[in-house]
Each structure stands twice: as C-alpha cells, then as structure tokens.
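Notes for the one structure printed next.
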Amino acid sequence: MRKWWPLTVVCAGSFLFLLDTTVVTVALPRIGADLSASVGQLQWVPDVYTLVLAVLMLATGSLADRFGLRRTFLAGLAVFGTASLACALAPDIGTLIAARGVQAVGGSALAVTGFALLTKTYEGRERGTAISVFFAVSGLGAAVGPLAGGVLTEYFGWGAVFFVNVPLALLTGLFAMRALPPDAPARRSRFDLAGAVWFAIFAASLVHGLTLGGSGRWTSPVTVGALAISVVAFTGFVVVERRRADPMLELGLFRDGGFTTLIACAAASTLTFAALVYVSLWLQAGPAPGPIEAGLALAPLAVASFLTSTLLGKVLHRFPPRVLLGAGVLLGAFGCGLQLGQQSVTGIALGLAVTGIGVGISGPAMGSAIAAAAPPGRAGMAAGIMTTTRQFGQTLGVAVLGIAYQAGGLTPVYVVAALAGGVTGLLALVPRKQARVPA
C-alpha cells in the first residue's frame, strides 16, 4: 500500500483545488447578504479564482520544473490553506476577493504539480492506474462542489465553505512530506520572465473579456478592448517563446497535428462541465429547486465518471491514448444529445450517466497522451499546458453556452456541446504520429 501513498496525497490536493472552483457558487447569496456586497462584487468571488488560475498555471508548471515538483506542491498547499482561512474570516467583500485571488495562487501549484508528480512516480500499468484514479477524484471534486457548498452553507454558514479547507490542507501537507519522493536536481535554466508576463496579460484579458461576454456584454467597449489586448499579448508571447532557447512553452509541440488535436479535445471536453452550470440553473428553476436537490440530480454524471476512471486504470496501457480520448469525447457528446428534449430529472439521468462515462474515459486518456508528449524533465510544463487548456476551455464554454442558454434554454446548449465534442472526438480517432520535442 505504501506505493500508493503519493497518489493519495496528490488526489487530496487536487480534490481541494477543484472543489473550490465550484463550491462557492451556491454560497454567493449568503455572502452578499452578510457582507452587503453588490451583484457585481459577488461575481468576482468565483471569477478572480478562475482568472488567477488561468494566468498562473503555465508559469507555475515552468517554475515547478525549475524548483522541484514536491517543493512546489507543498508551497501550494501552504498558500491555499492560509488563504482559505483568510477567506473564511473575511470581514468585507474586498478582503474576500483578495483572499480568493491568493487562494488561486496555491491552487495553480496544486493543479500542475499533482499530475506531474504521478507521471514521475509511476510507470507502466501503475501509471495508468494512478492517472485514472487522479482524474476520477478530480472529476468528483468538481462535480460535488455545488452539493457540498449547499450543505455547508445551509447548516454552518458560508464561512464553512472555506474553513473546511484549512485542516484538510494541513493534514495533506503533513502526509505529503512523508509520502512524496524527493525532488530531482533543479533544471539549470533562467525562468522565462518575459514569456510569463506576456502570457499573464493574454490570459487575464481573455478570461476577463469572455466573462463579460458571457454575461451578455459582447459589444461593450471594455469587452472588445480586453479581447483585443489578448490578441496583441498572445502575439507577443509567441514571438518571445520562438526566440528563447529554453522557453516556458515548447511551441514545437504544436507543429504536430496529433498534439494540436489533443489540445482541441481537452478544450472540447470541458464543455460538459460548462453545460452543467446551465443544467443546474434549469434544475433549480423547476424540477429540483435548491442547491442540494440540484446537486443530487447531477449525481449520475459524477458517479459514472468516478467509476469509469477508476476501472479504466487496469486497461489504460493497452490502448492508444488517442483511441480512448476520441471515444470518451464522442460518448460525452452522445450523452449531451440524449438529454435533448428531456424535461425531468429522470429524463436527463441517462444522458448524464453516458456523459459521465465519456468524461471518465477521456480524462485519463488525455493525461496519458500529455505525459507521452512531454519532453524529458518538463512534466510541469506538460501539466501546465493541460490544466491551462482545460481552464480556458471551461471559461470559453461558459461564455458561449451562456449565449445559447439565453437564446433558447437547454436545447441549444446541448446542441453546441454535442457538436463540439463530436467533431473533436472524430478528429482524435484519425491516426497521427505522437508529438514530442527534445528537452
């Protein structure tokens, strides 16, 4: 059992970081009432967490390669736990928003180092099992967030949503110091500061523009300006990375069509979770009033995803990752299609379960493909690419599906998610040479 201790630690850290991406949503009305916050201020409580994650994940992955995965993981736990305590004790909305931003700094370290630690610690069949369990727990963390937030807020107040992280982070950190393998010698290279700055400007402006657009303000000068800045910053980032001998992001990976398709599938697969935002709104407006009822109604997806990912670890190494990835994304799309026209909790249950099976297949397959594509010694960079893509994909998905939801309810939401998943899933099944670049 001792060999699985690193997996237990990594899963605990990942669960904490992902839980806080969704757990706060149902607590917002109570936060607003207790802290006398406006709707605009409340929006920043979840948005600042998402924004900071998107900005820092790629840079944190590069730093983890430089300073060590174990050190970065432990530092992330310390920052996350301390910031969670500050969130729970926040006397006003400004303090809460600032603490949430710091919490995301720790979350970004947990996000990129967890997966990288698994690829470093395990090989062969054990690696397949570890990756499958990791994605199972990750999916469970994101899925149970609204339900856990509803229970904690209902019975203990909104502060409990954050306070519960403190002892969990402390216990995980103490266990991690004994369970995680020591860091390898640090990479002797200068940190790509210019690339990090350009990427931060790009990510911040893009996420801000998409968030504003998702709320119906696509033509606002602020939205247009933010998106324009993101284009300029992305251009600057690419120019800087092309000129560096040791860049934060290996652009050579994207010359291979197989890797580019992998990234497209990573983004498309997040539409499933983006759609859950609007499924939850629909449920609470009728079939399942209240956050607890809505969380239970969404349980088929979480349960199916968890069970599928857990079982997949035994056979993951037997199949090409692209085959499993394509099949998983296609199943997720098919599950969305099954929910078309359904008007009850039982009616959407089958579609949610099929989608969950797809998520349970595509997640571990994506992890295996990313691990195979990573240059030697750049596991942190590879994890940063994957987590950043998924973060952007979900942010873009929420914005795009928000337009669809406002236009015609759940039906266009399912249509968009099913089409995106269907196209990228089929592309993933096309045989291509695995991408890899030298260290």
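Name the residues in the range 207-237 that are over 20 Å from residue 394 (Cβ atoms) and modelled with pLDDT of 90 or more, would you? Full working, then the answer.
Within the range 207-237, the first condition is being over 20 Å from residue 394 (Cβ atoms), and the residues that meet it are 219-222, 224-225, 228-229, 231-233, 235-237.
Result: 221, 222, 224, 225, 228, 229, 231, 232, 233, 235, 236, 237.
Looking at the structure I just gave you, is residue 329 exposed (fewer than 15 other Cβ atoms within 10 Å of the Cβ), within 15 Å of residue 423 (Cα to Cα) and in the same structural domain as residue 368 (by TED's automatic domain parsing)? Even if it seems obvious, please write down each step before you answer.
Numbers: exposed (fewer than 15 other Cβ atoms within 10 Å of the Cβ): no; within 15 Å of residue 423 (Cα to Cα): yes; in the same structural domain as residue 368 (by TED's automatic domain parsing): yes.
Answer is no for this residue.
Which residue out of 407, 418 is over 14 Å from residue 262 (Cβ atoms), at pLDDT 80 or above and not in a loop (DSSP other than H, G, I, E, B)?
Numbers: 407 fails: at pLDDT 80 or above.
Matching residue, one of 407, 418: 418.
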For residue 233, indicate whether it is more than 19 Å from residue 71 (Cβ to Cβ), touching a Ser or Thr at 6+ places or on another chain (Cβ under 7 Å), of a type outside the set (Lys, Arg) and in a helix (DSSP H, G or I). yes
Reported set for the range 43-64 where residues are modelled with pLDDT of 80 or more and of a type in the set (Val, Ile, Thr) is 45, 48, 52, 55, 60
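Let's see how each residue does on (1) more than 22 Å from the chain's Cα centre (by Cα); (2) modelled with pLDDT of 85 or more; (3) of a type in the set (A, V, I, L, M):
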| site | (1), (2), (3) |
| --- | --- |
| 122 | yes, no, no |
| 133 | no, no, yes |
| 148 | no, no, yes |
| 162 | no, yes, no |
| 175 | yes, yes, no |
Flagged pairs (Cβ under 6 angstrom, 6 or more apart or on separate chains; first in the range 338-355, among the aliphatic types (A, V, I, L, M); second outside any helix (DSSP H, G or I)) are 345/287; 345/288; 348/339; 348/342
Within the range 332-350, residues being closer than 29 Å to residue 115 by Cα and either surrounded by fewer than 22 Cβ atoms within 10 Å (Cβ to Cβ) or out of contact with any Phe, Trp or Tyr (no Cβ under 6 Å at 6 or more places or on another chain) (or both) number 4
message = For the range 66-73, check the following and say yes or no: at least one residue is crowded, with 21+ Cβ neighbours inside 10 Å, over 14 Å from residue 116 (Cα atoms) and assigned by TED's automatic domain parsing to the domain that holds residue 168.
response = no
Practice task
State whether one or more residues within the range 51-67 are under 24 Å from residue 140 (Cα atoms), part of a helix (DSSP H, G or I) and basic (Lys, Arg).
Solution key: no
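Kindly provide the set of residues from the range 239-262 that are assigned to a helix (DSSP H, G or I) and buried (at least 17 other Cβ atoms within 10 Å of the Cβ), ordered by number. Walk me through how you get there before you give the answer.
From the range 239-262, those assigned to a helix (DSSP H, G or I) are 239-243, 251-255, 257-262; that's our starting set.
Listed by number, the residues that qualify are 240, 241, 253, 258, 259, 261, 262.
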All-but-one check, residue 40 against (1) over 23 Å from residue 130 (Cβ atoms); (2) at pLDDT 90 or above, failing number (2)
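With respect to residue 59, is the statement that it is without any contact (Cβ under 8 Å) to a residue 60 or more places away in the chain and crowded, with 24+ Cβ neighbours inside 10 Å true? Quick ask: steps written out before the conclusion?
Details: without any contact (Cβ under 8 Å) to a residue 60 or more places away in the chain: no; crowded, with 24+ Cβ neighbours inside 10 Å: yes.
No: the conditions fail for residue 59.
Could you list all residues from the range 228-247 that are among the aliphatic types (A, V, I, L, M) and touching a Gly at 6+ places or on another chain (Cβ under 9 Å)? Step through it out loud before you land on a result.
Taking the range 228-247 as the starting set, the residues that turn out to be among the aliphatic types (A, V, I, L, M) are 228-229, 231-233, 238-240, 245.
Within the range 228-247, 228, 229, 240 meet the criteria.
The values are calculated or read from the model by the stated rules, or taken from the named source; none is laboratory data. The model shown is predicted, which means the values in this text are computed figures rather than measured ones. All Cβ positions, even for glycine, are placed from backbone atoms using ideal geometry, and neighbour counts span all protein chains on display.
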